[in-house]
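The values are calculated or read from the model by the stated rules, or taken from the named source; none is laboratory data. What you are looking at is a predicted structure, and each value in this text was computed from that prediction instead of being measured. Cβ placement follows ideal geometry from the backbone for every residue including glycine, while neighbour counts extend to all protein chains displayed. Just so you know, the surface numbers come from the protein's heavy atoms only, side chains and all, with ligands and any DNA or RNA stripped out. Shrake-Rupley method; radii C 1.70, N 1.55, O 1.52, S 1.80 Å.
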Amino acid sequence: MKLRLAVVGAAGVLVMSAGAAAASTSHGSNDSLRSLGAKIGLRIGTAVNANKLNSDAKYTEIVADQFSTVTPENVMKWDAIEPTQGTLNFGPADQLVTFAKQHDQLVRGHTLLWHNQLPGWLTAGVGGGTIDNTQLKAILKKHITDEVTHFKGKIWQWDVANEFFANAWDPHPLADGINGDDFWVQHLGEGIVADAFRWAHAADPHALLFYNDFNIAGEDGTNAKADAVLAFAVKLKHAGVPIDGIGDQGHLDTQFGFSGTAMTQDLQRYADNGFKVALTEVDVRTFIETTDANQTPTDQLSTFAQPYEYSQMLKACLAVRSCISFTVWGFDDADSWVPGFFVGEGYADIYDVNLNPKPAYTDLQQDLQLAAHGAQHRTGSGAHS
Ligand code: XIL
């Protein structure tokens, strides 16, 4: 017989029955996203702004209470790790790793090979001709080896390579869909992606190694990018390259529409080909009143579309057994990257600018509650009860 440990109180709050554990533990309060996800083995994560951690008590409390995996938003990127050539700065990332351990969280390492946020000395050296391609490859190998070795045993999933595939608007895709204009591809050829996975695996054989990108789970309408990523990943796997998973970033914008069904099918397709999958950078942006610090949407319907798209993404992940984590790219609008990168847009996160939960939070929580507990069996629904 199944023991019922919890009953839903009058206010809709989970109340523990006598003898059960206290409501709040270091593993998150009972109705937190992380606790609900834990019941089905799904990690719920957030990108973390290292400057806010431990300096903002409410922010820090939410990271600890709601999430079971964390991703450094910036502090593991190459420009943060090696701002001066040969001088490695692991301090801020180490702090996050320590925090995660204290709070029983796993870490997604982000990211080893990307065209953005490279150190100035590297891009200047390549541009100015003082770093040739042979040297560049050696420098990259050292970077990946040093960083993965430093964090060996402490990283659950590494985003080894990030954003290599061309979008419909990129002018020079290669035959297999890789972006021919990518910095790394231009200098070292597309084989560098496989090299990165091999180097990362050699440095930490137990970390799960992911390829990470956006618009690779049906979001672009054509699915061309998803097809290309799948074919490429399968080719790597068959060649013996140590690639374990595919991460779809999940950066959505309410103006473009979205199909949860397409996302589910694409995630399932990666899974059917032997890959773990993860939603790695989920947020849903919309147009906002830019003069208003609260990031109020210009169109009231966005306040429904925004949580809907969050919920659809979570359900896509829930539907696919190999989807092992669902990570939001920051949880509060005040710290979101969106207003700085997309003119006139915001309201992208699940907490508002004052760190209070928004409808998107409540929808994720409800979805996880149903996934974790199921719906109660109806009573009195038959003709004769
Ligand atoms: C963003 C961060 O959120 C910003 O703080 C930073 O200035 C730029 O990068 N895809 C990725 C992330 O893989 O690393 C990016 O993060 C957002 C898009």
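Taking the conditions exactly as written (of a type in the set (V, I, T) and within 13 Å of the ligand (Cβ to nearest atom)), does T71 satisfy them or not?
Criteria met by T71.
Table: residues versus (1) touching a residue at least 24 places away in the same chain (Cβ under 8 Å); (2) in a loop (DSSP other than H, G, I, E, B); (3) open to solvent by 30 Å² or more (accessible area, probe 1.4 Å); (4) away from the ligand (no atom under 16 Å from the Cβ).
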| residue | (1), (2), (3), (4) |
| --- | --- |
| D94 | no, no, yes, yes |
| Q117 | yes, yes, yes, no |
| T130 | no, yes, yes, yes |
| T149 | yes, no, yes, yes |
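Out of region 344-362, which residues are in a loop (DSSP other than H, G, I, E, B) and within 15 Å of the ligand (Cβ to nearest atom)?
If the condition is that a residue be in a loop (DSSP other than H, G, I, E, B) and within 15 Å of the ligand (Cβ to nearest atom), then A348, D349 are the ones that fit.
Got at least one residue in region 280-292 being within 16 Å of the ligand (Cβ to nearest atom), outside any loop (DSSP other than H, G, I, E, B), among the hydrophobic types (A, V, I, L, M, F, W, C) and under 16 Å from the mean Cα position of the chain (by Cα)?
Just the residues of region 280-292 that are within 16 Å of the ligand (Cβ to nearest atom), to begin with: 280-285.
Imposing the further condition that a residue be outside any loop (DSSP other than H, G, I, E, B) reduces the set to 280-285.
Narrowing the set further to residues that are among the hydrophobic types (A, V, I, L, M, F, W, C) leaves 282, 284.
Next, from what is left, pick out any that are under 16 Å from the mean Cα position of the chain (by Cα): 282, 284.
The answer is yes; a qualifying residue exists.
Test I139 against the criterion of being open to solvent by 10 Å² or more (accessible area, probe 1.4 Å), more than 16 Å from the ligand (Cβ to nearest atom) and not in a helix (DSSP H, G or I), and give yes or no.
So I139 does not fit the description; no.
Please find, within region 322-338, the residue that is most open to solvent (accessible area, probe 1.4 Å) out of those that are within 11 Å of the ligand (Cβ to nearest atom) and part of a helix (DSSP H, G or I).
D335
Looking at region 346-376 only, could you name the residues that are among the small types (G, A, S) and open to solvent by 50 Å² or more (accessible area, probe 1.4 Å)?
A375
For residues that are within 16 Å of the ligand (Cβ to nearest atom) and under 14 Å from P357 (Cβ atoms), scanning just region 29-62, find the one that is surrounded by the most Cβ atoms within 10 Å (Cβ to Cβ).
Here the residue is T46.
Filter region 153-178 down to the residues that are under 23 Å from T134 (Cβ atoms) and not in a loop (DSSP other than H, G, I, E, B), then identify the one that is farthest from the ligand (Cβ to nearest atom).
By that ranking, first place goes to I178.
Which is in contact with a Leu (Cβ under 9 Å, 6 or more places away or on another chain) and within 24 Å of K58 (Cα to Cα), of V353, V328, V338, V277?
Just one listed residue meets the conditions, V328.
Working carefully through the options Q249, Q306, find the one that is open to solvent by less than 20 Å² (accessible area, probe 1.4 Å), within 16 Å of the ligand (Cβ to nearest atom) and in contact (Cβ under 8 Å) with a residue 24 or more places away in the chain.
That would be Q249, the only listed residue that is open to solvent by less than 20 Å² (accessible area, probe 1.4 Å), within 16 Å of the ligand (Cβ to nearest atom) and in contact (Cβ under 8 Å) with a residue 24 or more places away in the chain.
Return the total of residues in region 181-222 being small (G, A, S), in a helix (DSSP H, G or I), away from the ligand (no atom under 16 Å from the Cβ) and buried (at least 21 other Cβ atoms within 10 Å of the Cβ).
1
Among the listed residues G330, G344, G380, which satisfies the condition of being on the phi > 0 side of the Ramachandran plot and under 16 Å from the mean Cα position of the chain (by Cα)?
G330
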